[in-house]
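Visitor: Below is the structure I would like to discuss, written out as structure tokens.
Derivation of every value follows stated rules applied to the coordinates shown; laboratory data play no part. Bear in mind that the values here come from a model prediction, so they are computed numbers and not experimental data. So basically every Cβ, Gly included, is an ideal-geometry build from the backbone, and we count neighbours across all protein chains shown.
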């Protein structure tokens, strides 16, 4: 297995200082940072720490597709800048690919002792769209990614949910029972119950076909 790690970013210098040293020393073939127009030192930090840096339009779907196109690995691993994968991620992914499982993710564990968010994290061990999230990281064979034609670049939000939904209609996936440590920054800023409630409404609206711009406007109104 040759693994390419892809990280879409906009102004993530703080989290990259913690994440990249863990990834560049792994068995991954390459770490690709896809910058969507950062005005901080994200790109310089990534280059200094040994990552490959490319530019793409500001759009998570477009950034991740650009990273996939540039990747030389036969397996892609999409990681958010504010998520820390388990130390054994490479071996875990390789083991599941050998079982003919073409894509999957890990559980998530919020980086907090807050009971509400710990309970929230618990359910990420189960399959189902309502338990998924980009922070759990996603691995997939490049062949299968290309078969699915990548992320839908017409989407301005929920692109990962859409991708997992399409992928799971064609192949079985696995939630690896190890934790990705996920930042609580949005919850810390807006409150746990409020943030979860707003996220739930946005997800419901998305799958009910509500206009994306309306959902984005709604999210920006209620979440900082």
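Visitor: One quarter of the convex hull surface, Cα atoms only: what value does that give for the chain in nm²?
Guide: If I average the Cα hull's projected area over directions, I get 11.3 nm².
Visitor: Further question on the same structure: Roughly what would the spin-label model give for residue 54 and residue 166, points 7 Å off Cα along C-beta, in nm?
Guide: Spacing of the two 7 Å Cα→Cβ label points: 1.8 nm.
Visitor: Return 163, 193, 131, 207 ranked ascending by Cβ neighbour count within 10 Å, so the fewest neighbours appear first. Before the final figure, lay out the partial values.
Guide: Numbers: 163 23, 193 10, 131 17, 207 14.
Sorted ascending by nearby Cβ count, the order is 193, 207, 131, 163.
Visitor: Then there's this: Per Stokes-Einstein, at 37 °C and 0.692 mPa s, what whole-number D in µm² s⁻¹ belongs to the stretch 185-224, with the Kirkwood radius over Cα pairs as the hydrodynamic radius?
Guide: Details: Rh = 10.2 Å.
Reported coefficient: 321 µm²/s.
Visitor: Now for a separate question. Given the DSSP H assignment, sum -39500 (n - 2.57) over each helix run of at least 4 residues in the chain and divide by its residue total; what's the result at 222 nm in deg cm²/dmol, nearest 500? Spell out each step's value before the answer.
Guide: Numbers: 10 runs with 96 residues, N = 224.
Only helices count here, giving -12500 deg cm²/dmol.
Visitor: Report the residues of the stretch 135-166 in range of a label on residue 74: point 7 Å along Cα→C-beta, backbone N strictly under 16 Å from it.
Guide: Inside the label zone: 140-147.
Visitor: Measure out, as a whole number of angstrom, how far apart the alpha-carbon centroids of the stretch 179-224 and the stretch 41-60 sit.
Guide: With the stretch 179-224 and the stretch 41-60 each reduced to a Cα centre, they are spaced 26 Å.
Visitor: Over the chain, calculate the relative contact order: mean separation of alpha carbon pairs under 8 Å at least 6 apart, over the residue count, as a percent.
Guide: Details: 393 pairs, mean separation 46.0, N = 224.
Once normalised by length, the contact order is 21 percent.
Visitor: What is the fewest-to-most order of 10, 119, 176, 93 by other Cβ atoms lying within 10 Å of their Cβ?
Guide: 119, 10, 176, 93
Visitor: Still on this structure: Could you sort 79-88, 181-190 so that the peptide with the highest average Cβ count within 10 Å comes first and the rest follow in order?
Guide: On the way: 79-88: 19.8, 181-190: 16.4.
Peptide ranking by packing, descending: 79-88, 181-190.
Visitor: At 7 Å along the Cα-to-beta-carbon direction for both residue 217 and residue 18, put a label point, then send me their distance in nm to one decimal.
Guide: 3.6
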